[in-house]
């Protein structure tokens, strides 16, 4: 697989080498000196800088607490994400139903997410397309992913969140999952969630898209728009994004809480211009987490017009939301520590890995994701400690500087 | 969902159905089924006397009443199309108003309830409803019908098969308050407040939880109505109040002594655009309801109606511990049974 427009080689290097990749090649140590690499930023969040202060009252607090000078290893990254305990402020985003997202790689990713102790989202459209219950020995699909996660996880941490979109409602994915005996261990430990997918960053306002061969397309054609675009390769299958108003969103969340009282409720928003209002509506209706997928977000398949020209960048979404009134999750081009820490400082509780996670398991199915996330966590500890802070929840907008913006940051003090 | 689920909790590991031969030949089963037969006779006589026509309900269709509280629908392959086994007759009841103003089904329904409901004493995956619908009726009018129907049924079974109550050791005095009536009416908001006074953490935005229903039911001496459930707790066909947005013009009827919900009903939404919008609010894809929406778009009468759970009613009458005891071939959620 390839991930164009994404720092694919750097992600692959991390998947092979882990936290060592947080530094220049070690062979150059003692032989070279280093400065800014002058890398061109692809968006405003990448262009922003983290800005440690000189005076660090929170470091003093930590010093008093520890009775010694704090180090980066004293940064505690454990947090709660959308109702789940998580070892890190990171979760695995949905991969969706493209060939890559449904393959055995996604099962490897599930296992590694469980080992890392971070929550995982399973994408929409997996069920209508690939079916729910295949033979018990099936090595792909939703149950295989849940099994892999359960087998590798510690009962106290993480969680599995299953998406359902408008088409999935036909297959009643949530009902199937909620009543499946194989899922009961997740429910019993409070680790099952359901995500209402309102939209995604790579194609705001559109539903899921996949390229199918003609025979598969014929099987599902009453549920989807089919465009015969590639005579030699197949057809485009487009799902509906579904229709939302504030009342529809509010009531769907309430219905989820009513019908699935033992599951957590997550909502995934595309980077719409009213994203702040939509997020507030979701929290107000009782959502345990709201994910904002910035326009930089990846996708299995999307029209190029949308990739470059539609939707708000993640930084602007976070700015519009300001101080979140619930658990805010951010995704879109996440792969390393500094972008993650910026997002956390701008209000997010955790960041989602999508393309990066897939690229990592594609590089090394056994350990790629674990190494990638370990490198991210290592960087995050360095960065957060440099800011004079020792847990992600005290990061604030004061920690981020946007070139050319002289206005007061939206979040001027530490979040409680 | 029509006749939405409700529950008492109490694991009953030693209270599971015996093998079919033993279950069918037990005196308890026979007595319960004789009472149930008398219930059906009485219900049919009462409804016929009120001018209702009995229709036979469809068993399968392209779509059915959407699930709630985690219950799921069963699929059948119908000439290559995925059909559903009916979870309730609501869609057909509304459509049937084009033929008759007052109608009822004795309808078999199948809901694959979540396995945790196997210990509730009140859930069967396969059960029956006395399913009533009245064109032009208000909620108050169908609540009146439900109350008179229940009262008539109780009076009839006590006089027609008194010996069966003796076999079961069920004291007829248990129904004195019911027969004296009238049934109390409590709004959802009042029910939530009552539960909060009992230190029960009931969400004001959701269905009354099974344990909460049992708590309220235990405190009552005769059946009582709970009305005005919040939107988000019920299906798209329950009409929303115009004077109190966010509240539905619906009701449940709960039995006393902890037996809980017997009936669920409402005024129905009949406006096409509102139904489509409400489908979205309940997370449904309108496309799969095409036949129903086509009928509604042409126009169906305003109506109100309810579903009365036959096995739950029989359990209340018999005073038996678990609802499976009143069904000849009980299907307990999550268990493989004949």
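Looking at the stretch A:34-50, can you tell me whether even one residue there is part of a helix (DSSP H, G or I), exposed (fewer than 11 other Cβ atoms within 10 Å of the Cβ) and without any contact (Cβ under 8 Å) to a residue 12 or more places away in the chain?
Filtering the stretch A:34-50 down to residues part of a helix (DSSP H, G or I) leaves A:44-47.
So of that shortlist, the ones also exposed (fewer than 11 other Cβ atoms within 10 Å of the Cβ) come out as none.
Scanning the stretch A:34-50 turns up no residue that is part of a helix (DSSP H, G or I), exposed (fewer than 11 other Cβ atoms within 10 Å of the Cβ) and without any contact (Cβ under 8 Å) to a residue 12 or more places away in the chain.
Going by the structure shown, is residue B:163 in a helix (DSSP H, G or I) and in contact with a helix residue (DSSP H, G or I) (Cβ under 9 Å, 6 or more places away or on another chain)? Before you say what the answer is, go through the steps one by one.
Values: in a helix (DSSP H, G or I): yes; in contact with a helix residue (DSSP H, G or I) (Cβ under 9 Å, 6 or more places away or on another chain): yes.
When the stated conditions are applied, residue B:163 passes them.
Among the residues of the stretch A:228-240, count how many are more than 12 Å from every other protein chain (Cβ to nearest Cβ) and within 22 Å of residue A:269 (Cβ to Cβ).
We begin by selecting, within the stretch A:228-240, every residue more than 12 Å from every other protein chain (Cβ to nearest Cβ); these are A:228-238.
From what's left, within 22 Å of residue A:269 (Cβ to Cβ): A:238.
The qualifying residues number 1.
State whether the residues of the stretch A:118-132 include one that is within 19 Å of the chain's Cα centre (by Cα), at pLDDT 85 or above, part of a loop (DSSP other than H, G, I, E, B) and more than 14 Å from chain B (Cβ to nearest Cβ).
Quick first cut of the stretch A:118-132, residues within 19 Å of the chain's Cα centre (by Cα) only: A:118-126.
Right, trim to at pLDDT 85 or above and you get A:118-122.
Restricting the remaining residues to those that are part of a loop (DSSP other than H, G, I, E, B) gives A:118-119.
Keeping just the survivors that are more than 14 Å from chain B (Cβ to nearest Cβ) gives A:118-119.
Yes, there is a match, as at least one residue in the stretch A:118-132 is within 19 Å of the chain's Cα centre (by Cα), at pLDDT 85 or above, part of a loop (DSSP other than H, G, I, E, B) and more than 14 Å from chain B (Cβ to nearest Cβ).
Can you tell me which of A:75, A:90 is closer than 30 Å to residue A:209 by Cα and at pLDDT 95 or above? Walk me through it before giving the result.
On the way: A:75 fails: closer than 30 Å to residue A:209 by Cα.
Exactly one of A:75, A:90 is closer than 30 Å to residue A:209 by Cα and at pLDDT 95 or above, namely A:90.
Which fully enclosed helices (runs of 4 or more DSSP H) of the stretch A:286-399 have 2 or more residues being surrounded by 24 or more Cβ atoms within 10 Å (Cβ to Cβ), touching a residue at least 24 places away in the same chain (Cβ under 8 Å) and more than 12 Å from the chain's Cα centre (by Cα)?
Details: elements: A:304-309, A:314-321, A:337-345, A:355-363, A:368-386.
Output list reads A:314-321, A:337-345, A:355-363, A:368-386.
Mind checking which residues of the stretch A:239-257 are surrounded by fewer than 22 Cβ atoms within 10 Å (Cβ to Cβ) and modelled with pLDDT under 90?
Result: A:240, A:241, A:242.
To keep it simple, each residue is scored yes or no on (1) out of contact with any helix residue (DSSP H, G or I) (no Cβ under 8 Å at 6 or more places or on another chain); (2) more than 14 Å from chain B (Cβ to nearest Cβ); (3) outside any helix (DSSP H, G or I); (4) free of Cβ contacts under 8 Å to residues at least 60 places away in the same chain.
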{"site": "A:201", "(1), (2), (3), (4)": "no, yes, yes, no"}
{"site": "A:217", "(1), (2), (3), (4)": "yes, yes, no, yes"}
{"site": "A:226", "(1), (2), (3), (4)": "no, yes, yes, yes"}
{"site": "A:242", "(1), (2), (3), (4)": "no, no, yes, no"}
{"site": "A:248", "(1), (2), (3), (4)": "no, no, no, yes"}
{"site": "A:258", "(1), (2), (3), (4)": "yes, no, no, yes"}
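Looking only at residues in the stretch B:308-338 that are in contact with a helix residue (DSSP H, G or I) (Cβ under 7 Å, 6 or more places away or on another chain) and within 14 Å of chain A (Cβ to nearest Cβ), which one is modelled with the lowest pLDDT?
Only one residue tops the list, namely B:334.
In the stretch B:193-217, which residues are within 15 Å of residue B:262 (Cβ to Cβ) and more than 11 Å from chain A (Cβ to nearest Cβ)?
Filtering the stretch B:193-217 for residues within 15 Å of residue B:262 (Cβ to Cβ) gives B:208, B:210, B:213-214, B:216-217.
Within the stretch B:193-217, B:213, B:214, B:216, B:217 qualify.
So, of the residues in the stretch B:70-91 that are within 22 Å of the chain's Cα centre (by Cα) and farther than 17 Å from residue B:107 by Cβ, which turns out to be modelled with the lowest pLDDT? Please lay out each step first, then the result.
Step one: filter the stretch B:70-91 for residues within 22 Å of the chain's Cα centre (by Cα), giving B:70-75, B:84-91.
The next check asks that each one be farther than 17 Å from residue B:107 by Cβ; those that pass are B:70, B:72, B:75.
Numbers: B:70: 63, B:72: 79, B:75: 90.
My answer is B:70.
Given the criteria part of a loop (DSSP other than H, G, I, E, B) and either away from chain A (no Cβ under 14 Å) or under 20 Å from residue B:208 (Cα atoms) (or both), does residue B:296 qualify? Don't jump to the end; show me each part of the working.
Numbers: part of a loop (DSSP other than H, G, I, E, B): no; either away from chain A (no Cβ under 14 Å) or under 20 Å from residue B:208 (Cα atoms) (or both): yes.
So residue B:296 does not fit the description; no.
Quick check on the stretch A:262-276. Is at least one of its residues within 21 Å of residue A:163 (Cα to Cα), more than 14 Å from chain B (Cβ to nearest Cβ), in contact (Cβ under 8 Å) with a residue 24 or more places away in the chain and surrounded by fewer than 22 Cβ atoms within 10 Å (Cβ to Cβ)?
The answer is yes, given that some residue of the stretch A:262-276 is within 21 Å of residue A:163 (Cα to Cα), more than 14 Å from chain B (Cβ to nearest Cβ), in contact (Cβ under 8 Å) with a residue 24 or more places away in the chain and surrounded by fewer than 22 Cβ atoms within 10 Å (Cβ to Cβ).
Quick check on the stretch B:247-265: of everything there that is over 30 Å from residue B:176 (Cβ atoms) and in contact with a helix residue (DSSP H, G or I) (Cβ under 8 Å, 6 or more places away or on another chain), which residue is farthest from the other protein chains (Cβ to nearest Cβ)? Lay out the reasoning, then the answer.
Taking the stretch B:247-265 as the starting set, the residues that turn out to be over 30 Å from residue B:176 (Cβ atoms) are B:247-249.
If we keep only those that are in contact with a helix residue (DSSP H, G or I) (Cβ under 8 Å, 6 or more places away or on another chain) as well, we get B:247, B:249.
Details: B:247: 13, B:249: 16 Å.
Residue satisfying both the conditions and the ranking: B:249.
Can you work out which of the residues in the stretch B:171-192 that are over 25 Å from residue B:318 (Cα atoms) and away from chain A (no Cβ under 14 Å) is surrounded by the most Cβ atoms within 10 Å (Cβ to Cβ)? Can you show your working first?
We begin by selecting, within the stretch B:171-192, every residue over 25 Å from residue B:318 (Cα atoms); these are B:186-192.
Applying the additional criterion that residues be away from chain A (no Cβ under 14 Å) yields B:186-187, B:189-191.
Values: B:186: 20, B:187: 16, B:189: 16, B:190: 13, B:191: 24.
Ranking the qualifying residues of the stretch B:171-192, first place goes to B:191.
Output the residues belonging to the stretch A:14-30 that are touching a helix residue (DSSP H, G or I) at 6+ places or on another chain (Cβ under 8 Å) and surrounded by 11 or more Cβ atoms within 10 Å (Cβ to Cβ).
Of the residues in the stretch A:14-30, the ones touching a helix residue (DSSP H, G or I) at 6+ places or on another chain (Cβ under 8 Å) are A:14-22, A:26.
Residues satisfying the conditions are A:14, A:15, A:16, A:17, A:18, A:19, A:20, A:21, A:22.
For the stretch B:230-246, how many residues are at pLDDT 95 or above, over 19 Å from residue B:91 (Cα atoms) and within 14 Å of chain A (Cβ to nearest Cβ)?
0
If you go through the stretch A:174-186, how many residues are within 8 Å of chain B (Cβ to nearest Cβ) and modelled with pLDDT of 85 or more? Talk me through it step by step, then tell me what you get.
Of all residues in the stretch A:174-186, those within 8 Å of chain B (Cβ to nearest Cβ) come to A:175-176, A:178-179, A:181, A:184.
Subsequent filtering for residues that are modelled with pLDDT of 85 or more retains A:178, A:184.
Qualifying residue count, the stretch A:174-186: 2.
So which residues in the stretch A:274-298 are out of contact with any strand residue (DSSP E or B) (no Cβ under 8 Å at 6 or more places or on another chain) and within 25 Å of residue A:253 (Cβ to Cβ), if there are any at all? Reasoning before the result, please.
Here is the first cut: in the stretch A:274-298, the ones out of contact with any strand residue (DSSP E or B) (no Cβ under 8 Å at 6 or more places or on another chain) are A:274, A:276-277, A:280-281, A:284-285, A:295-296, A:298.
Within the stretch A:274-298, A:274, A:276, A:277, A:280, A:281, A:284, A:285, A:295 qualify.
Of the residues that sit in the stretch A:160-173 and are at the interface with another protein chain (Cβ under 9 Å from one of its Cβ atoms), touching a strand residue (DSSP E or B) at 6+ places or on another chain (Cβ under 9 Å) and farther than 15 Å from residue A:259 by Cβ, which one is modelled with the lowest pLDDT?
Going through the qualifying residues, I end up with A:170.
Check off (1) surrounded by fewer than 22 Cβ atoms within 10 Å (Cβ to Cβ); (2) under 24 Å from the mean Cα position of the chain (by Cα); (3) away from every other protein chain (no Cβ under 14 Å) for residue B:289 and give me the number that stays unchecked.
(3)
If residue B:304 satisfies every condition in (1) over 26 Å from residue B:19 (Cβ atoms); (2) surrounded by fewer than 24 Cβ atoms within 10 Å (Cβ to Cβ); (3) modelled with pLDDT of 95 or more but one, which is the exception?
Status for residue B:304: all satisfied but (2).
Go through the stretch B:200-218 and give me each residue that's in contact (Cβ under 8 Å) with a residue 12 or more places away in the chain and in a loop (DSSP other than H, G, I, E, B).
If the condition is that a residue be in contact (Cβ under 8 Å) with a residue 12 or more places away in the chain and in a loop (DSSP other than H, G, I, E, B), then B:200, B:204, B:205, B:206, B:207, B:208 are the ones that fit.
Taking the options B:332, B:275, name whichever one is assigned to a helix (DSSP H, G or I), more than 16 Å from the chain's Cα centre (by Cα) and crowded, with 22+ Cβ neighbours inside 10 Å.
Working: B:332 fails: assigned to a helix (DSSP H, G or I).
Every option except B:275 fails the conditions.
Suppose we filter B:311, B:281, B:261 for residues that are within 26 Å of residue B:187 (Cα to Cα) and more than 13 Å from the chain's Cα centre (by Cα); which single one remains? Can you show your working first?
Details: B:311 fails: more than 13 Å from the chain's Cα centre (by Cα); B:261 fails: more than 13 Å from the chain's Cα centre (by Cα).
Residue meeting the stated conditions: B:281.
The values are calculated or read from the model by the stated rules, or taken from the named source; none is laboratory data. Everything numeric here is computed off the predicted structure, so don't read it as measured data. In this analysis, Cβ positions are derived from the backbone assuming ideal geometry, glycine residues included, and neighbour counts consider all displayed protein chains.
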